[in-house]
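J.: Provided herewith is a single structure, encoded as structure tokens, for subsequent inquiry.
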Amino acid sequence: MKSRRSIAERTIARARERGMPIDDDVEYMTLVELWIEGEIDIQDMRQRYNELLAHRSADRKARRGNSTFGQSFKPVAVSHNAADASFDLPSIDEDKTAGVFEDAADRPPQDEAGPTG
């Protein structure tokens, strides 16, 4: 079970490094612990997690359906003519933005920039 705990700890650390912490999700971590202890296999863990996500999604949809926020909007007629959909954008100050895109193109993607690559 030490290797499963090690796998879980590395996965949790990678998620946190990427700005997506998963260890604050109590229900998910319960599934992780069941897997670490060998009470469920990885396929069962995946199935249970998918069921958990589906349940959460259904709860959110039900809350949205019961809220008055969504009911306060009125439908608006939308033209399918592209000319009707045009609008003016402010001009870009080329002095302030010079080199922005070139600098970004020269840097490696963040996933490749780290020591674990």
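J.: Sorting ARG5, ARG64, ARG10, ARG56 by accessible area (1.4 Å probe), largest first, what list results?
T.: Sorted descending by solvent-accessible area, the residues read ARG64, ARG10, ARG5, ARG56.
J.: So, taking all protein chains as they sit and a 1.4 Å probe, how much accessible area belongs to GLU33, in Å² rounded to tens?
T.: Solvent-accessible area, nearest 10 Å²: 70 Å².
J.: Next question, about the same structure. So, how do all the Cα-to-Cα distances of segment 15-58 break down into 5 Å bins, in percent, from 0 on up?
T.: 5, 22, 25, 25, 18, 5
The values are calculated or read from the model by the stated rules, or taken from the named source; none is laboratory data. These figures come from a predicted structure and were not determined experimentally. Ligands, DNA and RNA are stripped out before the accessible areas are found, and what is left, the full protein with its side chains, is counted by its heavy atoms. Shrake-Rupley method; radii C 1.70, N 1.55, O 1.52, S 1.80 Å.
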